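I have placed the structure first, in the form of structure tokens, so that the comments after it can refer back to it.
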Amino acid sequence: MLPLLMTGEERIAIKKENIANLKSQASKQLLSYLVGVPDSYHYLILRAFVGNSKADSIKAKCLDCAQFDKLDITYCEADMCALHKHRPYQSKGEKE
């Protein structure tokens, strides 16, 4: 988590450094996968694959399935998906 008293430029610099660090730990297969991922999701995808966060992994899988469209995840109709009830971007009243 980034401290709140940092400037926007400092936060961006730290995030870029974190991305570079995660990329150095990533496999060649993951790095080639990132080519098709919108830049704004690189950090999340890297954290999902290189880190240990279950929440990041679920979010990354749902984003991949929905072609990185958050609205498609919100209104996902794949009821038979094991992750459906855990998917991100649900409205608060919708969680089961």
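The values are calculated or read from the model by the stated rules, or taken from the named source; none is laboratory data. Just so it is clear, the structure is predicted and the values come from calculations on it, not from any experiment. Using ideal geometry, Cβ is built from the backbone for each residue, glycine included, and neighbour counts are taken over all protein chains shown.
When Leu22, Leu44, Leu30 are screened for being buried (at least 16 other Cβ atoms within 10 Å of the Cβ) and in contact with a Gly (Cβ under 9 Å, 6 or more places away or on another chain), only Leu22 passes. In a residue-by-residue description of the range 59-68, the property of being farther than 26 Å from Lys16 by Cβ and modelled with pLDDT of 95 or more applies to at least one position. The residues in the range 17-54 that are closer than 21 Å to Cys65 by Cβ, over 11 Å from the mean Cα position of the chain (by Cα), touching a residue at least 12 places away in the same chain (Cβ under 8 Å) and part of a helix (DSSP H, G or I) can be counted, and the count is 4. Of Gly51, Gly36, all but one fail to be modelled with pLDDT under 90, small (Gly, Ala, Ser) and closer than 26 Å to His86 by Cα; the exception is Gly51.
Within the range 63-81, the set of residues being among the aromatic types (Phe, Trp, Tyr) and surrounded by fewer than 15 Cβ atoms within 10 Å (Cβ to Cβ) comprises Tyr75 only.
Would you confirm, using the coordinates I've provided, whether His84 is surrounded by fewer than 16 Cβ atoms within 10 Å (Cβ to Cβ), of a type outside the set (Phe, Trp, Tyr) and under 11 Å from the mean Cα position of the chain (by Cα)? Even if it seems obvious, please write down each step before you answer.
Details: surrounded by fewer than 16 Cβ atoms within 10 Å (Cβ to Cβ): yes; of a type outside the set (Phe, Trp, Tyr): yes; under 11 Å from the mean Cα position of the chain (by Cα): no.
No; evaluated as a whole, the condition is false for this residue.
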